[in-house]
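Written out below as structure tokens is the structure these notes cover.
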Amino acid sequence: MLLATINSSIVLIALPDIFAGIGIDPLEPANTGYLLWMIMGFLVVTAVLVVGFGRLGDMYGRARMYTLGFAVFTVSSVLLAATWFTGDAAALWLIGWRVVQGVGGAFLMANSSAILTDAFPANQRGLALGVNGVAAIAGSFLGLVVGGVLAPVNWNLVFLVSVPVGVVGTVWAYLKLHDTGVRKHARMDWWGNLTFAVGLIALLVGITYGIQPYGDSQTGWGSPFVLACLIGGVLVLAVFVQVERRVANPLFDLSLFRSRSFTWGNVANFAASLGRGGLQFILIVWLQGIWLPQHGYSYEQTPLWAGIYMLPMTVGFLVSAPASGILSDRVGSRVLASVGLLITALSFVLLIALPVNFPYPAFAAVLVLNGIGMGMFSSPNRAEVMNSLPPHARGSGSGMMTTFQNTAMVLSIGFFFSLIIAGFASSLPDAMRTGLQAHGVSADSAAQVASLPAVAVLFAAFLGYNPIRQLLGDQLSTLPPDQATYLTGRGFFPSLISEPFSHGLAIAFGCAIALCLVGAVASWLCGPVARTEPIGTELASAAGEKVG
């Protein structure tokens, strides 16, 4: 799980070095698709496939599917690191193998929780799943630091670093992991798989392209292609629900939603993931585009230091997730999960209250609080949902839970980026035009730069580029040296976007607060979980014995 989540975020920080290495400017309008799919492809694939792979684990053995995932992940990592060509072909090669890497990640994510649930009795699962959750969340932030360290040395190392762990993990899983759970052989639900994949892919593709400009609009939500994807995806998913109600062995076992804990636990998980999913991206923009340059860091240094300065969130999660897992085994999960999301909502309130140019100790304290809240929610919520599942459905149930979580992540990125872009678009063009003209840029050139889509400015800050150097390009050579130096220095751009960013930030985090409150209520509505296996099975499972 640590390996999978490190690789989901390691590329975020390494993108400037990767695109420089293959000779592509990701901010060119023609290359925006490459940029988006390098960011989103892994998440989209895992969101689509985890349910089907969890179902395969129920049918053919979770350990076997898990080991297959390790092997697929390792092979794709080798081929990603071995990229030897440049240009469009290299970009397509990287995106393609990132998709395959996502396939391996989906095998791992779908079956890890089910394997742990099989291996531990109900009164120990909170701790076991809490440790697994720590690996998942810690990996997503450690990936930022690992990518920031390795990419400047050689961008291929970003992918090569997974290979030794993947090889050892594949061999270890093959030799040591054995299925102790209930296997249920059944026919594969092909129509369910097809309609689910088509509907969810269409929906997520629509969200991915919705944050790109269309015509005179700053975003693409009015684009016929985006609308067709969104509406078509929803309609196909409606067909999927009807299919699942009629087939004998459904991909999505809708009968699981009769369990109060499974239903409300997944509602809470979806709301929480939607509320906090875009947080990582917003913090990266905040640090790389504004705060770090204002505090003496060059734009080339900002990707690494953004990852380092976000580590307090991981520390908070590392402290609270195992502890809350142990407590949930003893006192239940409802109160812990609800309080965790209330703490997370409070952290978003404090982030809104912070000035854009914040004192770092205050920022770090809020990040620790956010990590504590997420850890208090994550472990009990996962234990609540997994404990509610019958043994034969743990793979598919775990996959369903992961699908809701990963889908919410992609939705959240599109949602929060759109809110930030809306905040930029309302005031950034006038501020950009006025500021550039005040420092010697001609009115025509200033108007041209100011008319560029806000998403270009957002991506420039997100990638750690020097935004004004990137946007003005050759026009800088026509300016007096002192003015060119000031415009491309560490003060002009951060001060320019601080107010628009603050406006978008308040809107985005306000929505996150509302979603966390919805998740807290849903967590409270989870009912008592009935025991899903005889006590003899639990005791034998705790002793590590395979139960016939």
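Here are some notes:
- For the chain, the fraction of 1.4 Å probe accessible surface lying on carbon and sulfur atoms is 68 percent.
- Binned Cα-Cα distance frequencies in the stretch 204-263 - 5 Å width, integer %: 4, 17, 17, 14, 12, 11, 11, 8, 4, 1
- Angstrom value of the Kirkwood radius, inverse mean 1/r, which spans all Cα pairs in the stretch 127-274: 19.9
- Cα long-axis angle, helix 224-244 against the chain (0 to 90 degrees, to the nearest 10): 0
- For the stretch 371-440: accessible area per residue (Å², 1.4 Å): 23
- When shorter helices are ignored and each DSSP H run of at least 4 residues is given -39500 (n - 2.57), the per-residue value for the chain at 222 nm works out to -25500 deg cm²/dmol.
- Dipole of the stretch 39-186, positive end: most advanced residue of VAL51, VAL171, ALA119 [Cβ charges, Cα centre]: ALA119
- Sparse packing (at most 15 other Cβ atoms within 10 Å of the Cβ) combined with a DSSP loop state is found for the following chymotrypsin sites (Phe, Trp or Tyr not before Pro) in the stretch 41-116: TRP84, PHE85.
- Each part gets one Cα centre, and for the stretch 244-270 versus the stretch 272-301 those centres are 37 Å apart.
- Principal-axis analysis of the Cα atoms of the chain puts helix 334-353 at an angle of about 0° to the longest axis.
- Pairs of alpha carbons in the stretch 379-445 separated by more than 19 Å make up 62% of all such pairs.
- Nearest 10 degrees, 0 to 90: helix 62-81 Cα axis against the chain principal axis: 20
- Cα-only radius of gyration and Dmax that characterise the chain, units Å: 23.5, 81
- The magnitude of the dipole of the stretch 244-385, with charges of +1 and -1 set on the Cβ of Lys/Arg and Asp/Glu and taken from the Cα centre, is near 480 debye.
- Simple label model, 7 Å out from Cα along Cβ direction - SER495 to ALA20, nm: 2.7
- Descending semi-axes in Å of the stretch 375-498, equivalent ellipsoid built from Cα gyration tensor: 48, 13, 12
- For the stretch 80-159, the per residue solvent-accessible surface stands at 31 Å², with DNA, RNA and ligands left out and a 1.4 Å probe.
- Here the relative contact order of the chain, from alpha carbon pairs under 8 Å that lie six or more residues apart, stands at 23 percent.
- Around the Cα centre of the chain, unit charges on the Cβ atoms of Lys, Arg, Asp and Glu (plus for the first two, minus for the last two) sum to a dipole of about 1660 debye.
The values are calculated or read from the model by the stated rules, or taken from the named source; none is laboratory data. What you are looking at is a predicted structure, and each value in this text was computed from that prediction instead of being measured. A quick note on method: Cβ atoms are made from the backbone with ideal geometry, for glycine too, and the neighbour counts reach across all protein chains shown. Only protein heavy atoms, including side chains, enter the accessible area calculation; ligands, DNA and RNA are left aside. Shrake-Rupley method; radii C 1.70, N 1.55, O 1.52, S 1.80 Å.
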